[in-house]
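Since the structure comes first, as structure tokens, the remarks are kept for the end.
Please treat every number below as a calculation from the coordinates, not as lab data. Keep in mind that this is a model prediction, so the values were computed, not measured. Note: ideal-geometry Cβ built from the backbone for every residue, glycine included; neighbour counts use all protein chains shown.
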Amino acid sequence: MMRKKILRGLSWACLGALVLSLILFILLPLPGDIPVLMYHFIDTPERAAVEKNVVSRASFERQMRFLKTFGYRVLTLDEYYAVKTGTRAPRGREIVITFDDGNYTFSEQAFPILQAQALPSVMFVISENMKQQSEGSMGIDTLRSLQASGLVTLGSHTKTHPKLSEIPPEQAAEELRGAKVELEQAFGRPVDSLAYPSGAINQEVLAMAEQAGYKLAFTTSPKKLGELPEGFYSLTRVKISRTSDFMPAFWFKISGLYEALKRAKKSFLFRS
């Protein structure tokens, strides 16, 4: 009799967990909670197996198909800004897709997949690498073609990719201003967004980003904020790497739960 009660209890617990999981899957992320995904490189399975910042093309294709199949709304940066400023109502299950560094693997591996699914993305470009086509960067012509597709918004990743909080203030200011000017001259459009290299920020860097004329600036995880509050110049992102190959792990990262857990951990550490 006791054994039957235990089995019945376990069955009800499993059913309850299944129902709760289904509800969370349908509802999350909630309106106004917009995870910003951060990718770096999309390449071969062999490279993805040894480099954490590399996601294989097959895995990336599964992830984008997942978003399309289950009705996630992938926002442009303008739409994201509109929600953040209150000029557009949030709808729920919204995310943003970003890439750092302007690497050639984006045009060769990632963009054909995004284009096939009609998914917009943001590319943060290192302006000096772009001009010299160094460090695997796409050149100006390739980036112009991507921009012309209407699916890619170009943003700044500074001129030379230093950790801004660890260099002299005047040099950091030039990295921010100079990259914005160079990118706007190259592409003939305002460059309003910025991703801080390595997510390295402090209060002075945030002020410089605003003074340089950016509207939005992204770091990496909430841990990079330290005691800084999250705002328009200290927005966090969710890093997508090979650890997200398993689709339930990918869902957890785009659900908003992952970021909530990170923020709770940060809050606990800084209260302690």
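Here are a few things to note about the model shown:
- Max mean-square fluctuation residue, GNM over the chain, Cα-Cα springs under 10 Å, options LEU114, LEU24, LEU164: LEU24
- Contact order relative to length of segment 31-271, as percent, for alpha carbon pairs under 8 angstrom and 6 or more apart: 20
- Under-5 Å amide H pairs with ARG73, H placed in peptide plane, nonlocal only: GLU94, ILE95
- Net charge of neighbours whose Cβ lies under 12 Å from the Cβ of ARG88, counting Lys and Arg as +1 and Asp and Glu as -1: 0
- Enclosing the Cα atoms of segment 13-144 in their convex hull gives a volume equal to 134 cubic angstrom per residue.
- Additional length obtainable on full extension of the chain from ARG8 to GLN211, 0.36 nm per residue less Cα span: 66.8 nm
- Mean residue ellipticity, 222 nm, helices only, the chain: the sum of -39500 (n - 2.57) across DSSP H runs of n ≥ 4, divided by residue count and rounded to 500, is -14500 deg cm²/dmol.
- Here's how it looks for VAL238: its modeled amide H is under 5 Å from those of VAL36, LEU37, MET38, which are all 5 or more places away or on a different chain.
- For segment 109-122, 3J(HN,Hα) per residue [Karplus equation, 6.51 cos²θ - 1.76 cosθ + 1.60, θ = phi - 60°, Hz, x = Gly/Pro]: 10, 7, 4, x, 6, 4, 5, 4, 9, 6, 9, x, 8, 10
- DSSP-defined antiparallel bridges as percent of all bridges, segment 8-146, nearest 5: 5
- Computed from the C-beta positions of GLU46 and GLU230 and an R0 of 35 Å, the FRET efficiency is 0.40 to the nearest 0.05.
- Built amide H within the under 5 Å cut-off of SER56, gap 5+: ASP43
- In the elastic network of the chain, a GNM with C-alpha springs shorter than 10 Å, the most mobile of VAL181, VAL152, VAL238 is VAL181.
- Translational diffusion coefficient (Stokes-Einstein; Kirkwood radius from C-alpha pairs) of segment 123-167 at 4 °C, 1.567 mPa s, in µm²/s: 117
- Size of segment 183-272: Rg and Dmax of its alpha carbons, in Å, are 15.3, 49.
- Phi-based couplings in Hz for segment 249-256 (Karplus 6.51, -1.76, 1.60; Gly and Pro marked x): 5, 5, 4, 4, 6, 8, 7, x
- Straight-distance crosslink candidates among lysines, where the alpha carbon sits under 25 Å from LYS253 and sequence neighbours closer than 8 are dropped: LYS52, LYS68, LYS84, LYS223, LYS224, LYS239, LYS262, LYS265, LYS266
- At q = 0.09, 0.13, 0.15, 0.17 Å⁻¹, base-10 log of I(q)/I(0) for the chain (Debye sum, equal scatterers on each alpha carbon): -0.44, -0.87, -1.15, -1.45
- Backbone HN-Hα couplings from phi across segment 13-30 [Karplus 6.51/-1.76/1.60, Hz, Gly and Pro as x]: 5, 5, 5, x, 5, 5, 5, 4, 4, 5, 4, 4, 4, 6, 8, 8, x, 6
- Within the shell defined by Cβ-Cβ distances under 12 Å, the residues around PHE106 carry a net charge of -3, with Lys and Arg each +1 and Asp and Glu each -1.
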